[in-house]
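The values are calculated or read from the model by the stated rules, or taken from the named source; none is laboratory data. It should be emphasised that the depicted structure is a prediction, and the values quoted were computed from it without experimental measurement. Glycine also receives a Cβ, built like all others from the backbone with ideal geometry; neighbour counts cover every protein chain displayed. These accessible areas exclude ligands, DNA and RNA; they are computed on the full protein's heavy atoms, side chains included. Shrake-Rupley method; radii C 1.70, N 1.55, O 1.52, S 1.80 Å.
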Amino acid sequence: ESSVRRGCPDGATGAAGAEIVLRHGEGGGGHYERSGIGLRLGPLWSTEWGRWSAQLRPELELSHFRYTGPAPAAPDGLTQGGAIAHVRAVRRGSDRLRPYAEAGLGLSLFSNDRLGEKAFSTHFQFSQHLGLGVRFAKGGFAGYQYSHYSNGDIDLPNSGIDLHQLVVGVDF
């Protein structure tokens, strides 16, 4: 049996309120780092089927990217801000650890159109995100997130950047 609800998740499916998300990772052959914080707002939509539930949640994110490669390159850092729509599926129940999978699409602005050896050509970037992790019964979560940023060939060159990150989050 499946039910669809808007903005009123069951406490067993995850946080009903907002979440603070911290992330850190690297990409580009280990020459690029990203550290950031996100604010995931309450769900806009949710549904349940069997032992699983899914939610659509908006996130506002702010990050710092840094080039750590061997050759000096300017600029070696940039600030990124963005908005993402995340869909997360969580196994429901009273288990201490509940697995989740998530995917997200977003829009971002970079403070520079270059970072180290990468040329993004535009400050505007699209973002795609995939993640796996666990939610804790007492709130919060930890996991892995893959993120890709590029301008979608709006302008060339379009180096883009792929990142592998660890994420932790707390509910409030």
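Below, the figures for the structure above:
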item: Apportionment of accessible area to carbon and sulfur, the chain, percent (1.4 Å); result: 63
item: Relative counts (whole %) of C-alpha pair distances in the range 33-156, using bins that are 5 Å wide; result: 2, 10, 17, 21, 16, 12, 9, 7, 4, 2, 0
item: Calculated FRET efficiency for the pair LEU130/ASP95, C-beta based, R₀ 25 Å, to 0.05; result: 0.60
item: Derived scalar couplings ³J(HN,Hα) [the range 44-51; Karplus, 6.51 cos²θ - 1.76 cosθ + 1.60; whole Hz; x for Gly, Pro]; result: 8, 7, 8, 8, 10, 8, x, 8
item: Estimated FRET transfer efficiency (LEU62, ILE154; beta-carbon r; R0 22 Å; 0.05); result: 0.45
item: Over the range 40-150, relative contact order from alpha-carbon pairs under 8 Å, at least 6 apart, %; result: 21
item: For the chain, built as a Gaussian network whose Cα springs stay under 10 Å, the top-fluctuating residue of ILE154, ILE37, ILE20; result: ILE154
item: Once exposed loop GluC sites (Glu not before Pro) are cut out (DSSP; at most 15 other Cβ, 10 Å), longest piece of the chain; result: 2-116
item: Integer Hz, Karplus 6.51/-1.76/1.60 couplings in order for the range 22-37, x for Gly and Pro; result: 10, 9, 8, x, 9, x, x, x, x, 9, 9, 10, 9, 10, x, 9
